[in-house]
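Inspection log for the structure reproduced underneath, given as structure tokens.
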Amino acid sequence: SDEDDETPSESEPEEAAKSKALIHREALKPRKKLPPLLLPLSALPTPRLDWLGTSFGLTPALHNFWQQKVGMTLLYLRQTANELTGEHSAIMIRALPRRSGWDDAWLPAFGVDARRRIGRLLGCAFRHMDVSLAVNLMGDVTGGFGAWMKNGGDKEDEIDDVGNNEVNMDKHALREVKKRSGTQSTKLTSSELHYHLTPHDLQRLELYSRNLCDHHLVSDLIPSLSQLYFTSRMGPNFRLSSVQAALLCGMGLQFKSVEELTSELGLPINQVLAMFNKAVKKMSLAFNQIL
């Protein structure tokens, strides 16, 4: 047994010496039939990809490019800005064409969730963000469902077993997206409205919409109006103009003053107040229709 233990240790130096001798005698010359280091993409099998993503320092131009031109969805925005550039790191993703029905509906649900989180942080971590960029981050007020809502509809219709399979799949996908994102009901009801605004609050909004009081009288209600609008509770057909939405976002979510928004938007203060009054009036009329 002692001899067996000594055998491996004695053979190791011999193998090392043989290997060293082979290296010294090796002739350096071009070799044939070696595998290539690089291959064209056309020669490789296509991998199955479910999504494509990008990460960058958030700026209005880059966000517009990746969202509008490429069709990506914002999923993450870092709260602390970069020390050198002052930009917030963003991650955006685009899902590739779906293959298996509602199970591919994960991206819109995550996009709605990210938008809600960003909306809550606009008053603190993102308060100094330009209002034009902030309102773009809040996205489509219909809920961020895009093509799902276009093909699947916005009603909980009964789906027949016989019919267009693609449309049926889109309806299932839309329902699943709403379920995952917590937006099964996008239309505000009268009972829910009284949870956010009291009858006295609604009266103040109506007085302001008629120019019977100053905007300071309803300034405490603007955060509630902003939450209802940017969380799609006003219904799929309710819309504000881009300037009106920016004012509602700046005053209600970022808690900026009228003077700050006047400077950022480059508009005279009388025009800003007039546009804000129109936005409040439109929402006040919509509340009266709900009641």
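The values are calculated or read from the model by the stated rules, or taken from the named source; none is laboratory data. Computed from a prediction, not measured in an experiment: that's the story for all the values here. Positions of Cβ are backbone-derived with ideal geometry, glycine not excepted, and every protein chain shown enters the neighbour counts. Ligands, DNA and RNA are excluded from the accessible area calculation, which covers all protein heavy atoms including side chains. Shrake-Rupley method; radii C 1.70, N 1.55, O 1.52, S 1.80 Å.
The table below gives the values:
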quantity: Matching residues in the range 211-241 - criterion: being over 21 Å from Leu121 (Cα atoms) and in contact (Cβ under 8 Å) with a residue 40 or more places away in the chain; calculated: Asn211, His215, Val218, Met234, Gly235, Pro236, Phe238, Arg239, Leu240
quantity: Hits in the range 249-260 - residues which are without any contact (Cβ under 8 Å) to a residue 60 or more places away in the chain and assigned to a helix (DSSP H, G or I); calculated: Met251, Gly252, Val258, Glu259, Glu260
quantity: Residue list for the range 186-205, restricted to those being open to solvent by 60 Å² or more (accessible area, probe 1.4 Å) and either touching a Lys or Arg at 6+ places or on another chain (Cβ under 9 Å) or closer than 16 Å to Ala279 by Cβ (or both); calculated: Lys187, Glu192, His196
quantity: The range 61-97 - residue that is over 16 Å from Met129 (Cα atoms) and part of a loop (DSSP other than H, G, I, E, B) and, of those, modelled with the lowest pLDDT; calculated: Pro97
quantity: Residue list for the range 63-84, restricted to those being open to solvent by 90 Å² or more (accessible area, probe 1.4 Å) and among the hydroxyl-bearing types (Ser, Thr, Tyr); calculated: Tyr76
quantity: Residues (of a type in the set (Val, Ile, Thr) and crowded, with 20+ Cβ neighbours inside 10 Å) located in the range 219-242; calculated: Ile222
quantity: Of all residues making up the range 261-291, the number that are open to solvent by less than 70 Å² (accessible area, probe 1.4 Å) and either within 24 Å of His194 (Cα to Cα) or in a helix (DSSP H, G or I) (or both); calculated: 17
quantity: Test: Arg31 is of a type in the set (D, E, K, R) and free of Cβ contacts under 8 Å to residues at least 24 places away in the same chain; calculated: yes
quantity: In the range 12-45, the residues that are among the small types (Gly, Ala, Ser), open to solvent by less than 100 Å² (accessible area, probe 1.4 Å) and modelled with pLDDT of 75 or more; calculated: Ala43
quantity: Scan of the range 197-210 for residues that are free of Cβ contacts under 8 Å to residues at least 12 places away in the same chain and of a type in the set (Phe, Trp, Tyr), ordered by number; calculated: none
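Results for (1) touching an Asp or Glu at 6+ places or on another chain (Cβ under 8 Å); (2) at pLDDT 90 or above, shown as yes or no for each residue.
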site: Glu158; (1), (2): no, no
site: Val162; (1), (2): no, no
site: Arg175; (1), (2): yes, no
site: Thr186; (1), (2): yes, no
site: His194; (1), (2): no, no
site: Ile222; (1), (2): no, yes
site: Ala245; (1), (2): no, yes
site: Gly250; (1), (2): yes, yes
site: Phe255; (1), (2): no, yes
